[in-house]
Amino acid sequence: MRAAVVGHVEWIDFIRVEEVPRTGEIVHASEAWSEAAGGGAVAAVQLMNLGCETTFFTALGDDELGRRARDELEAKGLRLHVSWVPEPQRRGITYVDDSGERTITVIGDKHRPRGGDGSLPWEELRRTECVYFTGGDVESLSKARHARVLVATARELPTLVRSGVQLDALVASATDAGERYEPGDLDPTPRLSVATSGPLGGWAQPGGPFAAAKPPAPIEDTYGAGDCFAAGLTFALGRGDEPRDALALAAQCGAMVITCRGPYGRQLSLTA
């Protein structure tokens, strides 16, 4: 199955601490590492691990970190179509505490691919079964709509509102104010809207409550759980699953990734 992600990348410095520092406090890290991440990158790798031929339309800063991000993601097996931005690559700092919870600070503007960029082969999306949209402009979202199934994050709600594009599914959060969605926010209304609540599961409309999946191992790091959930939902809807079954697979994706350090160490795979 052919899948695509239209979205963003952040270069993330991960720092493991006992707990997130309070005002004026000095804490010692037990571990630190860095890698190309962000919602678009994490979702694209998860789609690839689910067995999709995955293409990632993105924008990267034209600097050392941007090029390192490209090289890392291509090394994972993704096909990248990159729009280079004459600005520093967006970065982030993520604290991971002893409970596995992550606290993120981002540095710089979110780089979004633009539908008017003629260097990107947008026509490929006409031959794609499913697309997940994490960042872009109205024109890139309209081009993503050429796919049979289009899923988007509520974090891009202003762009979704301006576009008037019909979504097959919208992934929102019941706990993160930056990813909230209320009925009536979009016209036309998404065919399926999902609000996630971490270990409590979430709520789908239509469909009502759904359960979280039980992690197969102790929780290590919750970074990327929502992105893997969204990728799993995109994949399952793209192959024709009913919404209830698609949500169950998405929950498995979210539960799997939190059992390992970083967003790529243990993603759900259907190809092994």
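The values are calculated or read from the model by the stated rules, or taken from the named source; none is laboratory data. Quick caveat: nothing in here was measured; it's all calculated off a predicted structure. Because the Cβ atoms are built from the backbone with ideal geometry, glycine has one as well, and the counts that use them run over all protein chains shown. These area figures cover heavy atoms from the full protein model, side chains too; ligands, DNA and RNA do not enter into them. Shrake-Rupley method; radii C 1.70, N 1.55, O 1.52, S 1.80 Å.
A compact table of results
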read-out: Any hit, the range 196-208, residues being buried (at least 19 other Cβ atoms within 10 Å of the Cβ), over 21 Å from M48 (Cα atoms) and not polar (S, T, N, Q); value: yes
read-out: Close pairs from the range 91-118: first more than 22 Å from T259 (Cβ to Cβ), partner open to solvent by 30 Å² or more (accessible area, probe 1.4 Å) and small (G, A, S), Cβ under 8 Å, at least 6 apart; value: R91/G108; G115/S142
read-out: Elements of type strands (runs of 3 or more DSSP E) contained in the range 155-272, each with 3 or more residues being among the basic types (K, R); value: none
read-out: All positions within the range 169-183 that are surrounded by fewer than 11 Cβ atoms within 10 Å (Cβ to Cβ) and out of contact with any Lys or Arg (no Cβ under 8 Å at 6 or more places or on another chain); value: A177, P183
read-out: Output for the range 74-83, where each listed residue is outside any helix (DSSP H, G or I) and either small (G, A, S) or open to solvent by less than 80 Å² (accessible area, probe 1.4 Å) (or both); value: K76, G77, L78, L80, H81, V82, S83
read-out: Selection status of G66, within 24 Å of I258 (Cα to Cα) and among the small types (G, A, S); value: no
